[in-house]
Structures are given as structure tokens and as C-alpha cells.
Amino acid sequence: MSYSHQSMGSGSRNARGYEFGRTYVVRPKGKHQATLVWLHGLGDNGSSSSQLMESLHLPNIKWICPTAPTRPVSSLGGYTCTAWFDVGEISEDSHDDLEGLDASASHIANLLSSEPADVKVGIGGFSMGAAISLYSATCYALGRYGTGHTYPINLRAVVGLSGWLPGWKSLRNKIECSYEAARRAASLPIILTHGTADDLVPYRFGEKSAQSLGMAGFRQAVFKPYEGLGHYTVPRELDEVVQWLTTRLGLEGSR
């Protein structure tokens, strides 16, 4: 299969009226075994995500790198930039923008909906992109979005770098109410990484998110702290993600 880096058009407006930006695709140079959507952080775009994914040694993965809607962001005093959902200060009592979360989770699921049945699918991201990845993981386990609509994708792997889990407080109760949700949660591999010196998304929120996932029954969630790392990625962290994806997705010839 040829290796190419292309754009999928200027964007799309979903049912709730959010205007998503351009989506970039990095095609596999080996056998297409998995497709992952990779989600950028606040104020970034799919182009920079695709360049990062292109640099990873994962020839059997197709990467889909969408761009978030441009919207006012409360934590920036209403300044407008690309954001998967609105966010204020990240705190124990912060209010989650469920409408924005669901709109983005739905857009991401739609991007994966036409992948071949024999291709494993997953979601990953950095910072706010990690938050929406983890939110999508909870939608998969519960079988529905926050709105109650059915979640349609069979996720096989979730990656969250320097992020946090929206809605972590109520997650355990929701999953414990359903045998099917508990079964799906237990079967989903998740990796979270976080720098101990992160000054934008404090380390304790990454740690708390991992604990919340574990307590809610996500038995295959692993948390990797990186001593002294700030709010950015480093090669050894990405190498660990490559190794984890290769193992968890059973990829051929990726090393």
C-alpha cells in the first residue's frame, strides 16, 4: 500500500452545528491493520498531528488527524481558537461541556465508521485531545454518548498523553450499573502518560484520571509518569506508545 499524506477536505458541520476543520490522513506504508484517530491539543490543528504521526515507526496504522472547531474558550477568557470542547479551569469541581464533548466524540466516531471490518480502530491524543480520547473510551464502555444516543464504534485501543478524563466523578457509578458496560470497560486497553512538571494540565489530574478509570473497571488502563516532563511530548514517551500499540493491536513487522 502506498504511503501518502493527504487532506480530506476543508471540514464538515455536524448535526449540532459545530464546524470542524480540515482532516489529514497518513496512509500506512505496510499492511493496513489498524486505524487511529489522533487528536491535537488546544489551539493546534490536524496538520501538525499528521506530521507527528508520520514520524512514528508504525507502518501498519492509518492515521486520521482531524481539526477541532474554532470556538470561544472559557479558560482563555473567551478567546477563539481550535478546541474540541469548551473548558474553564481544570479543577475537581469544573463543569464539563457535555454538548461539546458529545459533538466531538460523534465527529471522531463518524471518521472511523467506514473503516473495513477487519481493521482495528482506536483513538489517541495530546492534552485536550487526550481528554476527548478518554471521554470517547467512556462512551464506548457505556454504549452511549452523554446525550443517550448509541455509541457505534468498537474501540480497541485508547491513548492519552498529558490529558485528563472529563466526567471522572460519576463514571464508576454509571459503569457499575451495567454488566455490558463493565465488560467493555474491562476489555479496553488504555495508556495514559503524564509529565510530573506539567504546568498546564497538572500531573495530579492525569494521575486522578488513571485512578478513576481503574476504579470504574477499566482493568487494562496503564499510567506512565515521566519525571520532570512539562506539557509536551518527548521521543522516549512516543517510543513507549509505539511499543504499546504494536503489542496491544497485534501489529505485524512494526519493529
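Give me the residue from the stretch 120-134 that is open to solvent by 10 Å² or more (accessible area, probe 1.4 Å) and under 16 Å from residue 156 (Cβ atoms) and, out of that set, nearest to the chain's Cα centre (by Cα).
If we take residues in the stretch 120-134 being open to solvent by 10 Å² or more (accessible area, probe 1.4 Å) and under 16 Å from residue 156 (Cβ atoms), then 121 is nearest to the chain's Cα centre (by Cα).
Can you work out which of the residues in the stretch 136-148 that are open to solvent by 50 Å² or more (accessible area, probe 1.4 Å) and in contact (Cβ under 8 Å) with a residue 40 or more places away in the chain is nearest to residue 37 (Cα to Cα)?
Start the filter on the stretch 136-148 by keeping residues that are open to solvent by 50 Å² or more (accessible area, probe 1.4 Å), which leaves 144, 146-147.
Imposing the further condition that a residue be in contact (Cβ under 8 Å) with a residue 40 or more places away in the chain reduces the set to 146-147.
Working: 146: 20, 147: 22 Å.
Within the stretch 136-148, the match that is nearest to residue 37 (Cα to Cα) is 146.
Quick check on my filter: what residues within the stretch 206-254 are among the β-branched types (Val, Ile, Thr) and open to solvent by less than 70 Å² (accessible area, probe 1.4 Å)?
Step one: of the stretch 206-254, the residues among the β-branched types (Val, Ile, Thr) are 222, 233-234, 241-242, 246-247.
Hits for the stretch 206-254 are 222, 233, 234, 241, 242, 246.
For residues that are open to solvent by less than 20 Å² (accessible area, probe 1.4 Å) and within 13 Å of residue 231 (Cβ to Cβ), tally how many sit in the stretch 30-48.
The total comes to 1.
Give the residue, chosen from 179, 151, that is in contact with a helix residue (DSSP H, G or I) (Cβ under 9 Å, 6 or more places away or on another chain), open to solvent by 10 Å² or more (accessible area, probe 1.4 Å) and over 12 Å from residue 213 (Cα atoms). Lay out the reasoning, then the answer.
Values: 179 fails: in contact with a helix residue (DSSP H, G or I) (Cβ under 9 Å, 6 or more places away or on another chain).
Being in contact with a helix residue (DSSP H, G or I) (Cβ under 9 Å, 6 or more places away or on another chain), open to solvent by 10 Å² or more (accessible area, probe 1.4 Å) and over 12 Å from residue 213 (Cα atoms) holds for just one of 179, 151, which is 151.
Going by what's in this entry, would residue 42 be described as at negative phi and assigned to a strand (DSSP E or B)?
Details: at negative phi: yes; assigned to a strand (DSSP E or B): no.
So residue 42 fails the test.
What's the total number of residues in the stretch 61-90 that are open to solvent by less than 10 Å² (accessible area, probe 1.4 Å) and in contact with a strand residue (DSSP E or B) (Cβ under 7 Å, 6 or more places away or on another chain)? Full working, then the answer.
Let us first name the residues in the stretch 61-90 that are open to solvent by less than 10 Å² (accessible area, probe 1.4 Å), namely 61, 63-66, 68-69, 73, 83-85.
This time we only want the ones that are in contact with a strand residue (DSSP E or B) (Cβ under 7 Å, 6 or more places away or on another chain), so: 61, 63-66, 68-69, 73, 83-84.
Of the residues in the stretch 61-90, 10 are open to solvent by less than 10 Å² (accessible area, probe 1.4 Å) and in contact with a strand residue (DSSP E or B) (Cβ under 7 Å, 6 or more places away or on another chain).
Of all residues in the stretch 13-68, how many are closer than 30 Å to residue 99 by Cβ and of a type outside the set (A, V, I, L, M)?
28
Please go through the stretch 1-36 and give me each residue that is polar (S, T, N, Q), outside any loop (DSSP other than H, G, I, E, B), farther than 11 Å from residue 62 by Cβ and modelled with pLDDT of 95 or more, ordered by number.
none
Only one residue in 115, 99, 54 is over 27 Å from residue 141 (Cβ atoms), charged (D, E, K, R) and in contact (Cβ under 8 Å) with a residue 24 or more places away in the chain, so which one is that? Show your work before the answer.
Details: 115 fails: over 27 Å from residue 141 (Cβ atoms); 99 fails: over 27 Å from residue 141 (Cβ atoms).
Unique residue meeting the criteria: 54.
Tell me, which helices (runs of 4 or more DSSP H) wholly within the stretch 166-239 include 3 or more residues that are under 23 Å from residue 97 (Cβ atoms) and among the hydrophobic types (A, V, I, L, M, F, W, C)? It would help to see each step written out before you state the result.
Working: elements: 168-176, 179-187, 203-215.
Answer list for the stretch 166-239: 168-176, 203-215.
If I filter the stretch 219-227 for residues that are more than 19 Å from residue 181 (Cβ to Cβ) and hydrophobic (A, V, I, L, M, F, W, C), do I get at least one hit? Walk me through how you get there before you give the answer.
So in the stretch 219-227, the residues more than 19 Å from residue 181 (Cβ to Cβ) come out as 222-227.
Filter once more, keeping what is hydrophobic (A, V, I, L, M, F, W, C): 222-223.
There is at least one residue in the stretch 219-227 that is more than 19 Å from residue 181 (Cβ to Cβ) and hydrophobic (A, V, I, L, M, F, W, C).
The values are calculated or read from the model by the stated rules, or taken from the named source; none is laboratory data. What you see is a predicted model, and the numbers here were worked out from it, not measured in a lab. We place every Cβ from the backbone using ideal geometry, glycine too, and count neighbours over all the protein chains shown. Note: accessible area is taken over every heavy atom of the protein model, side chains too, but ligands, DNA and RNA are not part of it. Shrake-Rupley method; radii C 1.70, N 1.55, O 1.52, S 1.80 Å.
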